[in-house]
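One structure is given here, and the rest of the page talks about it.
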Amino acid sequence: MPVGIFRVCLVVITAIVNHPLLFPKENGTVPENAEEIIQKMKEREESLRLEQLRLEQEIADQEATQKALEKAAEVVDESKEEKVRWDMWTALSMVIFLLIELWRQDFQEGNWQDTGGEEDDMAVLGKAFKGVAFPDKAVLASFYEKRILGTTGDMARMREMVEGFADDLLEALRSVCNRDADMEVEDCMGVGSMYENWRVRKPFVCDLIVPFAPPEPYCFRSQTWCSGDSFPPDEQGYGTIKVCRADEDVTGCICDKTKLGEDMLCLLHSQANTTRPSSEMEDLLCFKNTQYLDADQVMKWFQIAVTKAWNRISHKYEFDLSFSLLDSPGALKIKFRSGKSIAFNLTPVVQYENSDVYFISHFPRRGLAADLPSSTHWFLTFAVYERRFIQLVSKTLPANACHVSCLQILSFLHGKQCSLTGPSGLTNYHLKTVILHLLQARPSQDWAPEKLEARLQDMLKFLEKCLHEKKLYHFFIGNGKVPAELGFPIIFQRAEPLNLFRPFVLRRDVYRKTVDTFHEMLRNMSALINEYTVHIPLAHANGIHKESL
């Protein structure tokens, strides 16, 4: 039985293994659907081939686009690099140009106070001196003795007479003023060429300044162009004066700067202090509807006060007093019965803080003078410090030093030339500024009396250089080398230098006229001096020079 079952199983297994559908032979029959499968496989293969070609085309297109983009980027980068290089060269050129311009200005200005470094330039006469016959020492000595030296005594007598009369007049002015309402007038001070002993041309005119202050409880608070606030270039050298109550803190409270509501009250200031009637401020000589002192109002008040004072004391004197010039409100003239007259200027000023710098209401203006920006702008005068500086330096100079002689000779020559060809932009103040710069730059021994000719040439060359550059700086403003003994305010030493020749840049006609007059003066120098010189032997002239100086 088991053998029979085994045989049956063997037959079944053999049949299964040899079944053609499970293990077909190589020469066996292929199923009917095999051709369809092969056809589908061929179609699939063709589609894959087409897909591959499409992908290869897309890849090629992408590579071409990428190359184009890379090429365009390279072109852009190159243009950017070229632009950057061009911008760099442009910027570098501009920087070089600015540096050259700054160097040129610095070279022209230099350390403008340190004119001692310009001795090389001053050692060679400028173009204007070519062909000019400069007077020698003997001629200059004779000219100084015959024309200038004799005026010193006349100036001293005139100063003494004018000062005595001015003191009497101001004392009478105080008596006619209301001490509770009018300005308080102080003693006068003499300034300018008459008090520095270098005035040479007649008529002699004494310049006196009269400080004044407001009545209590008011005070003056001043502001200058160099106090921190910005001032236009045409207002440099000026300042404003505000009339305030003495107990008012104009910088600590904002009630004057901010409009408070009707229901708000400043706890520091009462309503009476913060609101001032317009008439009250006008009585304090302020500009209409402001707290700023009006120069025109001040001069009207001063003229009226001087007239009242003269009416009170006129019976004591045997002469008449009148205002002589309309464009200079403080100009007075004494007329004697003999027909002779004496002119002097009595000008009210306001002291700047606790210094001897003063705000002057009206300044004698000639040549380059421009009108004040407004009547609330006051010009600053440093005349007191200029006089002190000359006195201080004179103590260190040799006996009979020639600095005053140089200034007197040049002032005379320029005045004489202007009388022949008309006024120019140069003034005596410009000439004095030149000598102040040279006094600071030159050593003391260079001002010995026998060096008059050399120092006069220095003045002319310095002035020619300033005219050429249109730059003559104020001696005190921006000068850090002012002697400490003068007690000069530091705020003005730290300020930017003030160019006195700035108007020449704006007014070409005045500049041309000034330069022409200067050159004409140089050409006529010998003739102008010889007109007042006695021709004497050289040895005798040298002897006179030593005795007179």
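The values are calculated or read from the model by the stated rules, or taken from the named source; none is laboratory data. As the structure is a computational prediction, the values presented were derived from the model and not from experiment. The accessibility values were calculated without ligands, DNA or RNA, using every heavy atom of the protein model including side chains. Shrake-Rupley method; radii C 1.70, N 1.55, O 1.52, S 1.80 Å.
Longer than 21 Å from Cα to Cα, which of K451/K471; K202/K470; K308/K335; K333/K513; K146/K416; K242/K288 are they? Say none if no pair is. Over 21 Å Cα-Cα: K451/K471; K202/K470; K333/K513.
Could you sort L169, L392, L420 by accessible area so the largest value comes first, with the probe set to 1.4 Å?
These residues rank, largest area first, as L420, L392, L169.
Backbone geometry of the range 304-314 corresponds, through the Karplus equation with coefficients 6.51, -1.76 and 1.60 at θ = phi - 60°, to 3J(HN,Hα) couplings of 5, 5, 5, 4, 5, 5, 5, 4, 6, 10, 4 Hz, x marking Gly and Pro.
Note on the range 344-485: along the principal axes its Cα atoms extend 48, 42, 32 Å, ordered by decreasing extent.
Put simply, the amide H of E184, placed in the peptide plane, has neighbours under 5 Å in A213, leaving out anything fewer than 5 places away on its chain. Of the whole protein surface, C286 contributes about 0 Å² of accessible area at a 1.4 Å probe radius. Per-residue 3J(HN,Hα) values for the range 208-219, derived from phi via the Karplus relation 6.51 cos²θ - 1.76 cosθ + 1.60 with θ = phi - 60°, read 10, 10, 10, x, 9, 9, x, x, 5, x, 9, 8 Hz in sequence order (x marks Gly and Pro).
So between E485 and L506, what do we pick up on full extension, going 0.36 nm a residue minus the alpha carbon distance?
On the way: separation 21, 0.36 × 21 = 7.56 nm, distance 3.75 nm.
In short, 3.8 nm is gained.
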